[in-house]
Amino acid sequence: MNIRDVLKPGGRGVIGTASKAGVVNMAVYAVPHVVDDKTVAWGMTDGRSWNNVRENPNASYTYFASGEGFRGARLTLSLSRTEDSGEMLAKIRERTGATSPGNPEAVKHVAYFKVVETRPLV
């Protein structure tokens, strides 16, 4: 399954992370930036998801395509690197300002994840 073909703008998803102690957090996230066939990136605020991926690099993302029905994907992820400045952070803040009611300046970090596995939504 090619992630570029699955992760289309307009959809939404839920990212699941866990702390070092195994305390799980779920958060609604937009479609990630597809960096390449095996890498996606999200902007993150200083919240639980950010704290968790710094302690535990394993995460999952369930993507629901826009429209009716059960179209989407389930991604198993592994954090590969983070950035606190740069072109990708600027791009994510710009997109956040255009599509989200949240404050784009609250996005402080970019988390890059290796896509370990991609499975259908159902």
Could you identify the single residue in Ser60, Ser100, Ser85, Ser19 that is open to solvent by 60 Å² or more (accessible area, probe 1.4 Å), on the phi < 0 side of the Ramachandran plot and among the small types (Gly, Ala, Ser)?
Ser85
What's the total number of residues in the stretch 5-15 that are surrounded by fewer than 19 Cβ atoms within 10 Å (Cβ to Cβ) and closer than 15 Å to Thr76 by Cβ?
1
Of all residues in the stretch 65-82 being within 12 Å of the chain's Cα centre (by Cα) and open to solvent by less than 30 Å² (accessible area, probe 1.4 Å), which is nearest to Trp50 (Cα to Cα)?
Leu77
Would you confirm, using the coordinates I've provided, whether Thr39 is touching a residue at least 12 places away in the same chain (Cβ under 8 Å), within 11 Å of the chain's Cα centre (by Cα) and surrounded by fewer than 19 Cβ atoms within 10 Å (Cβ to Cβ)?
yes
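Yes or no, residue by residue, for (1) closer than 18 Å to Asn2 by Cα; (2) not basic (Lys, Arg):
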position: Lys38; (1), (2): yes, no
position: Trp42; (1), (2): no, yes
position: Thr62; (1), (2): yes, yes
position: Ser78; (1), (2): yes, yes
position: Glu94; (1), (2): no, yes
Across the stretch 11-24, what is the number of residues that are within 14 Å of Met44 (Cα to Cα) and either polar (S, T, N, Q) or not in a strand (DSSP E or B) (or both)?
1
Within the stretch 34-45, can one find any residue that is of a type in the set (Phe, Trp, Tyr), modelled with pLDDT of 95 or more and in a strand (DSSP E or B)?
yes
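The values are calculated or read from the model by the stated rules, or taken from the named source; none is laboratory data. For clarity, every value in this text was computed on a predicted model and none was experimentally measured. Using ideal geometry, Cβ is built from the backbone for each residue, glycine included, and neighbour counts are taken over all protein chains shown. In case anyone asks, the SASA skips ligands and DNA or RNA and just uses the protein heavy atoms, side chains included. Shrake-Rupley method; radii C 1.70, N 1.55, O 1.52, S 1.80 Å.
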